[in-house]
Amino acid sequence: MYYSIRMRAAQGGAHEEGGHHISGAERIVTKDELEQLSADLVHRALHHSKGCADFIRLTIDAIDEATIHYVPALAVNNTQVCTVTEAYTIANELLTAHGITDRALQQGLQLLRSQKEAMRGALICNALTGERLDTLGNRGLRVSRMAFANESEACQHFQEQGHTGVHFQEALVLATKVLSAPQVIGEFCISDDPDYTIGYVSYGHTYHRLGPLKELGDSRGGRIFFVHPETNLTELQEYLENTTVLVTI
Ligand code: PML
Ligand code: MG
């Protein structure tokens, strides 16, 4: 039996009451792992670089194994440069070579930067025009119900390629699920953690780590999913939020 466990934490009250987002994470685990992981996620909410949460919501529910989709992990690439400007130039080259227009990228980034409060979820933008397609406001679309099929094996595999850390591991799982949706062409992600300057772009079958995408101490981040202009948003949202995906290596 598998369980989905999700944590979201905020400061100044619950997210829906205007609290400031501190942290969110999730896993899919067996019954034996559930207690320890619950404690780990609470610890994370209480000891985060963005502050100590005063609202923590843990949600746990069992998953029907017959409904699980298995998706192979994206291939990982890595480019670290000296300046934020250089990293943006590379992000632009990669995404525009893979079906996202420069106009869409600029518009998406402009939308992301103009949000008053860090978004918990992602902006959905038209890959040709950059127009925002979702109507989810500051919440954005929150991808959920995903994990590595075998976490220790996957972490070992990527560690051997030089890729470590919980930011990387969680982001690779999320990006793999996102790109497995046929409507999605690519993604741009900047971490919202002030002490984490590496982000990524993903496209095709690749997760491309890039840094620095911002200066240290900056907690403005977020995600943009670039989609086909004809995307059925209800279907996309249903898949990304509710279908369980286990990522294999
Ligand atoms: C986040 O903070 O949620 C995004 C993390 C991006 C990780 C990038 C990487 O290290 O590969
Ligand atoms: Mg974060």
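What share of the DSSP beta bridges in the chain is antiparallel, in percent to the nearest 5?
65 percent
Could you give the length gained on full extension between LYS116 and LEU128, defined as 0.36 nm per residue of separation minus the Cα-Cα distance, in nm?
The LYS116-LEU128 span can extend by a further 1.8 nm.
Taking amide H positions as placed in the peptide plane 1.01 Å from N, state which residues far from ASN78 in sequence (5 or more) or on other chains have amide H under 5 Å from it.
Answer set, sorted by chain and number: ARG209.
Which far-off residues, 5 or more places away or on another chain, put their amide H under 5 Å from the one on MET146, with H placed in the peptide plane?
VAL245
Ordered by residue, what ³J(HN,Hα) values in Hz, to whole numbers, does the range 134-141 give under the Karplus form 6.51 cos²θ - 1.76 cosθ + 1.60, where θ = phi - 60° and Gly and Pro are x?
Per-residue couplings from phi come out as 7, 10, 9, x, 6, 5, x, 8 Hz.
Over the chain, what is the relative contact order in percent, taking alpha-carbon pairs closer than 8 angstrom and at least six residues apart?
Relative contact order here is 24 percent.
Per-residue HN-Hα couplings for the range 71-78, Karplus 6.51 cos²θ - 1.76 cosθ + 1.60 at θ = phi - 60°, whole Hz, x for Gly and Pro?
10, x, 4, 4, 6, 9, 10, 8
Accessible area per residue for the chain in Å², computed with a 1.4 Å probe and the full protein assembly in place, what is it?
46 Å²
Taking the range 1-96, how much of its Cα-Cα pair set, in percent, is spaced more than 19 angstrom apart?
61 percent
Under 21 Å from the Cα of LYS214, which lysines turn up, not counting those fewer than eight places away in the same chain?
Output for LYS214: LYS50, LYS116.
For the residue pair THR248 and THR67, what label-to-label distance in nm results when each label sits 7 Å from Cα along the Cα-to-beta-carbon direction?
According to this spin-label approximation, the distance is 2.1 nm.
Over what distance in Å are the Cα centres of the range 183-243 and the range 28-92 separated?
So the two Cα centres are separated by 13 Å.
Hey, any idea what % of the chain's accessible area is carbon plus sulfur with a 1.4 Å probe?
Roughly 50 percent of what the probe reaches on the chain is carbon or sulfur.
Tell me what the chain gives for mean residue ellipticity at 222 nm when only DSSP H runs of n ≥ 4 count, each as -39,500 (n - 2.57), the sum divided by the residue total, rounded to 500 deg cm²/dmol.
So the calculated ellipticity at 222 nm is -9000 deg cm²/dmol.
Among PRO229, PRO212, PRO182, which one shows the biggest mean-square fluctuation in a GNM of the chain, springs joining Cα atoms closer than 10 Å?
PRO182
Regarding the range 106-249, what is the average projected area of its C-alpha convex hull, in nm²?
For the Cα atoms of the range 106-249, the hull's average projected area reads 8.3 nm².
The values are calculated or read from the model by the stated rules, or taken from the named source; none is laboratory data. It should be emphasised that the depicted structure is a prediction, and the values quoted were computed from it without experimental measurement. In this analysis, Cβ positions are derived from the backbone assuming ideal geometry, glycine residues included, and neighbour counts consider all displayed protein chains. These accessible areas exclude ligands, DNA and RNA; they are computed on the full protein's heavy atoms, side chains included. Shrake-Rupley method; radii C 1.70, N 1.55, O 1.52, S 1.80 Å.
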